[in-house]
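K.L.:
Here you go, one structure.
The values are calculated or read from the model by the stated rules, or taken from the named source; none is laboratory data. Fair warning: this is a prediction, and the values are worked out from it, not measured in the lab. With ideal geometry, Cβ positions are generated from the backbone for all residues, glycine too; neighbour counts draw on all protein chains shown. SASA here: full protein model, heavy atoms, side chains in, ligands and nucleic acids out. Shrake-Rupley method; radii C 1.70, N 1.55, O 1.52, S 1.80 Å.
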Amino acid sequence: MASLLRLWLVQNHPEWFYHRADGSFGNHVGDWTDVVDLDYSSPGLWDYQIETLKYWASMVDGFRCDVAPLVPLDFWLRARREVEEVRPGCIWLAESVEPEFIQFARGQGITALSDSEIFQAFDLSYEYDIYPCYQGYLDGVLPLSRYAEAVTQQEAIYPDNYVKLRFLENHDRLRAAAAIPGEAALRNWTAFLYFQKGTTLLYGGQERGCTHVPGLFEKDPVDWTSGPDRTEWLQQLYQLKQDPLLTDSAYRLQALAGDILYGVHQSNERQLTGIFSLKGNCGLVPVQAPDGIYPNLAGGSVEVKFSRVSCQGEPIIFASARPAG
């Protein structure tokens, strides 16, 4: 059915597609050999696309829009307004792109929206804006402090209600279990994924530590025997996302010695503290929290003594009163 629809569109509205200089169908980004781009300079295409979105909005709760930055912002704004009439509260997720790709596209004269523009029309956006810092740290070419600074900067450059789709892996990237060596490191990164402000993305098989990257164009079932079952632990971490502190908070992150991330969410009189040893290292971590024993929301309990926590290489997340001052 999809192929027949494409054929009908090609035959009846060839002006809706991008054409190369020789008149043949093509795309702006040459290595996407499976894609023929649409040409959004055609007003008729806008009408057709929005009518299609409204049709599906009568049956679904939201849309994930692939490479959304390559489509004009005015189209997304109009589409959102009209879809809202059919599906009030429809969820809009943008697969955004990395900063280098935005610069490349703009250099080629191609529309490429920044995340700040994307958030004018979308509820959620991928976190590709900081992905180069994440990957750079894993590759050993950037310090952990650079990644922590990039995450913290998001708090100041995006709207107050911005929502990032946080991920360690997805269909375009290496599996986390392959990219992050060691069980302790993987557990800490996974707990941090849930601690982050935003929405957590779990890719199929991540709960069993799959390392195989699925194919995009053929059936490629998840190997549910590939590793230990983390389902119950992930369900425990999911409870974190129910805490309003992870939505409405002042959030900051910093890198400490020993490859440890130290994060704090603060709002009113409460705070949530996270300590993540990304190499499984042990050490004393200074914290700004009252002394006492607290439930470790990543498992077990944690003691704050003399404003320090003993990190044994496992993730630590605990709620406390916000310190005065």
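K.L.:
With the checklist (1) charged (D, E, K, R); (2) surrounded by fewer than 19 Cβ atoms within 10 Å (Cβ to Cβ); (3) touching a helix residue (DSSP H, G or I) at 6+ places or on another chain (Cβ under 6 Å) in hand, flag the one item D129 doesn't pass.
P.N.:
The one condition D129 does not meet is (2).
K.L.:
Now, a different point. For residues in region 277-325 being among the polar types (S, T, N, Q), open to solvent by 20 Å² or more (accessible area, probe 1.4 Å) and outside any strand (DSSP E or B), which is nearest to L186 (Cα to Cα)?
P.N.:
Here the answer is N281.
K.L.:
In region 12-35, which residues are at pLDDT 75 or above and small (G, A, S)?
P.N.:
A21, G23, S24, G26, listed by residue number.
K.L.:
Could I ask something else about it? Among the candidates L77, L4, L9, L53, single out the residue that is at pLDDT below 95, assigned to a helix (DSSP H, G or I) and either open to solvent by 80 Å² or more (accessible area, probe 1.4 Å) or under 24 Å from L165 (Cβ atoms) (or both).
P.N.:
That would be L4, the only listed residue that is at pLDDT below 95, assigned to a helix (DSSP H, G or I) and either open to solvent by 80 Å² or more (accessible area, probe 1.4 Å) or under 24 Å from L165 (Cβ atoms) (or both).
K.L.:
If M59 satisfies every condition in (1) open to solvent by 40 Å² or more (accessible area, probe 1.4 Å); (2) over 27 Å from N170 (Cα atoms); (3) of a type outside the set (K, R) but one, which is the exception?
P.N.:
Condition (2) is where M59 drops out.
K.L.:
Further question on the same structure: Considering region 244-265 alone, what residues qualify as being more than 20 Å from E314 (Cα to Cα), open to solvent by 30 Å² or more (accessible area, probe 1.4 Å) and touching a residue at least 24 places away in the same chain (Cβ under 8 Å)?
P.N.:
T247, A250, R252, listed by residue number.
K.L.:
Keeping to region 273-287, report how many residues are in contact (Cβ under 8 Å) with a residue 24 or more places away in the chain and farther than 12 Å from L253 by Cα.
P.N.:
10
K.L.:
What are the pairs with Cβ atoms under 7 angstrom where one residue, in region 158-179, is closer than 18 Å to S226 by Cα and the other, located anywhere, is among the acidic types (D, E)? Sequence gap at least six, or different chains.
P.N.:
The qualifying pairs are R175/E169; A176/E169.
K.L.:
Say whether the condition of being surrounded by fewer than 18 Cβ atoms within 10 Å (Cβ to Cβ), farther than 19 Å from V29 by Cβ and not polar (S, T, N, Q) is met by at least one residue in region 102-115.
P.N.:
Among the residues of region 102-115, not one is surrounded by fewer than 18 Cβ atoms within 10 Å (Cβ to Cβ), farther than 19 Å from V29 by Cβ and not polar (S, T, N, Q), which makes the answer no.
K.L.:
Name the pairs: first residue in region 30-54 and among the polar types (S, T, N, Q), second residue open to solvent by 50 Å² or more (accessible area, probe 1.4 Å) and at pLDDT 90 or above, Cβ to Cβ under 6 Å, at least 6 apart or on different chains?
P.N.:
Pairs found: S42/E15.
K.L.:
Go through region 200-243 and report how many residues are more than 20 Å from the chain's Cα centre (by Cα), surrounded by 15 or more Cβ atoms within 10 Å (Cβ to Cβ) and in a loop (DSSP other than H, G, I, E, B).
P.N.:
3
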